[in-house]
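In what follows, a structure is listed as structure tokens, so that the remarks can point back to it.
The values are calculated or read from the model by the stated rules, or taken from the named source; none is laboratory data. In this text, all values refer to a predicted model and were calculated from it rather than measured experimentally. Cβ coordinates were reconstructed from backbone atoms using ideal geometry, including for glycine residues, and neighbour counts include every protein chain displayed. Ligands, DNA and RNA are stripped out before the accessible areas are found, and what is left, the full protein with its side chains, is counted by its heavy atoms. Shrake-Rupley method; radii C 1.70, N 1.55, O 1.52, S 1.80 Å.
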Amino acid sequence: MLNHTVEVDQSSGEEALSFAPVFNVAVSFIDRHLQEGRGEKIVIRTNRGIEVTYAELAENVNRCGNALLELGIGRGGRVIMIVKDCAEFFYCFWGAIKAGLIPIPVNTLLRAKDYTYIIGDSDCAAVVYSPEFAGEVEAALGQLEARPTHCLAVEGEVGSLQTLIATASADLEPAPATAEDDCFWLYSSGSTGSPKGAVHRHRDMVVASQFYGVQVLGIQEKDVCFSAAKLFFAYGLGNGMTFPLWVGASTVLYDARPTPQSTFETIEQFKPTLYYGVPTLYAAQLQALETESSDLSSVRLCVSAGEALPSDIFSRWRKKTGLAILDGIGSTELLHIFISNRVDDINPGSSGRMVPGYEARIVDEAGEAVPRGESGQLWIRGGSTARCYWNNAEKTAQTMVDGWLDTGDTYLQDREGYFHYCGRNDDMLKVGGIWCSPFEIEAKLIEHPKVLEVAVVGRADDAGLIKPEAHIVLQDQADAGDVLVADLLAHCKKGLAPYKYPRWFKFVTELPKTATGKIQRFKLRS
Ligand code: 3UK
């Protein structure tokens, strides 16, 4: 087999993919398109009017890889990316991989304290950030004892990634690697502890693209993808970058906060065929469609993930737009979706059936399979699973056992084979599809001088979507009221990522506790 190639047959087992012994995945996703005659095709269109062809993409990936090497970053060096959805995201991610470096896209909504942790934990050589996030990034860098050697803005007059790309060489040999070698990381939040870096291999994006992208979505070269979920999120990374690149399709990038209006406008302007959102956004779009209309006729299929899609949102969306939403569950550790509904096989309210190439076990606490129809813990095995968590042998050993991954979710499989989500095994919440730790919100609230004790739990809103609710015991109960609520909200919004604030505040006289003083959260989840 030729170096850096992968042979694909359309079967559904692990054996469907065979990788050349020397394999750098950047060649499959970027350079291959030039050999296949796609050089002049536009691959990226952005809301800033930028259009990039496959030939320009390949050239800029090379330039960016060279620019990073010229900074002096050695093989395996980590590059943290706090980058909005833009063409440079592609250049930096693939340039790093092609050059033998490890890109780490990070959630751009986080705060300085989160970045301080991640930059320190990753021991990265460089931090690349969009100027929009400079405030939090620079505050984070200021708090670090040892700053990474290189910190560069994507755009800017001097020393920015763009200026380095412009002057670097356009020729770059792919760094030798194998399909099993480390390729990129993604950080995932834990319930109590700090975020964990899931270490993904060169093969993982191929597995997800072929088994979910091609075999479930049926993505083809003529498709145009638009993901409202951002590229930093494993979901958005597949939707908006990996899947279109795998089949030579194109993608639309929108670099600001997705709102119902901005997503409708983007769809009308760029006419995507595949649209990817999260349940919270579909709910907000449905609300907007009560008073305005939108032309979604280019879209052939909508996808939802990140949290469970309530069947009510599915049916209202279908009624209003005539379009199906495919719900599927994925995770950062597995890279993308491993259980999904199908275009011709949708069971609203369920996550659907296994994606080819993945296997599931639903087990009890002793690790024994539960009878069909009963709920248990969901373990998944598949070829795109992260190799480990960086620098966290204990979490790796707990979560990844004999090739199986503990998702932390409770699921049941019904008689027809559909999988149904029954909640988390930990206290973590998914808010708008993004992790949210109740402990982190509690820690913020307890800093407030008027708060004595607090417990945060998930509560379903009118659309059936989970949002944080704070139960608070005050130092002085007489302070309870709207003024304090406004103050507590402002306090949360100052120190936490913007989606991590309680949507409801309940002032209580005490919190339910065990004899040993542990808060009984289940009693608060009414
Ligand atoms: C929950 C869902 C019910 C579930 C993701 C698609 O969400 C993604 O990755 P994360 O690491 O979170 C994983 C956890 O989120 N979840 C995700 N999707 C669903 N629960 N129904 C769903 N459809 O708790 C899971 O363990 O942030 C989603 C593709 C790639 C991803 N990384």
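Listing for the model above:
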{"read-out": "Scan of region 495-526 for residues that are open to solvent by 40 Å² or more (accessible area, probe 1.4 Å) and hydroxyl-bearing (Ser, Thr, Tyr), ordered by number", "value": "501, 509, 514, 516, 526"}
{"read-out": "Tally, over region 470-481, of residues that are part of a strand (DSSP E or B) and either closer than 22 Å to residue 280 by Cβ or open to solvent by 50 Å² or more (accessible area, probe 1.4 Å) (or both)", "value": "1"}
{"read-out": "Candidate set from region 215-233 (those that are touching a residue at least 40 places away in the same chain (Cβ under 8 Å) and under 20 Å from residue 12 (Cα atoms)); member that is surrounded by the most Cβ atoms within 10 Å (Cβ to Cβ)", "value": "217"}
{"read-out": "Answer from 366, 360 - the residue that is more than 11 Å from the ligand (Cβ to nearest atom), part of a loop (DSSP other than H, G, I, E, B) and farther than 24 Å from residue 267 by Cβ", "value": "366"}
{"read-out": "Criterion violated by residue 373 - all others in (1) open to solvent by less than 50 Å² (accessible area, probe 1.4 Å); (2) assigned to a loop (DSSP other than H, G, I, E, B); (3) within 11 Å of the ligand (Cβ to nearest atom) satisfied", "value": "(3)"}
{"read-out": "Condition broken by residue 427, with the remaining ones in (1) more than 16 Å from the ligand (Cβ to nearest atom); (2) touching a residue at least 12 places away in the same chain (Cβ under 8 Å); (3) among the acidic types (Asp, Glu) satisfied", "value": "(1)"}
{"read-out": "Residue 428 vs. criteria open to solvent by less than 70 Å² (accessible area, probe 1.4 Å), touching a Phe, Trp or Tyr at 6+ places or on another chain (Cβ under 7 Å) and among the aliphatic types (A, V, I, L, M)", "value": "yes"}
{"read-out": "Criterion (open to solvent by 40 Å² or more (accessible area, probe 1.4 Å), assigned to a helix (DSSP H, G or I) and not assigned by TED's automatic domain parsing to the domain that holds residue 280) met by exactly one of 452, 484, 489", "value": "489"}
{"read-out": "Scan of region 310-339 for residues that are more than 6 Å from the ligand (Cβ to nearest atom), assigned to a loop (DSSP other than H, G, I, E, B) and at negative phi, ordered by number", "value": "310, 323, 324, 333, 334"}
{"read-out": "Which listed residue, of 125, 112, is more than 21 Å from residue 255 (Cα to Cα) and without any contact (Cβ under 8 Å) to a residue 60 or more places away in the chain", "value": "125"}
{"read-out": "Residue in region 126-147 that is in contact with a helix residue (DSSP H, G or I) (Cβ under 9 Å, 6 or more places away or on another chain), more than 20 Å from residue 160 (Cα to Cα), of a type in the set (Gly, Ala, Ser) and open to solvent by 40 Å² or more (accessible area, probe 1.4 Å) present", "value": "yes"}
{"read-out": "Sole exception among (1) away from the ligand (no atom under 16 Å from the Cβ); (2) of a type in the set (Gly, Ala, Ser); (3) closer than 21 Å to residue 187 by Cβ for residue 238, by number", "value": "(1)"}
{"read-out": "Region 203-214, residues that are open to solvent by 10 Å² or more (accessible area, probe 1.4 Å) and more than 12 Å from residue 247 (Cα to Cα)", "value": "203"}
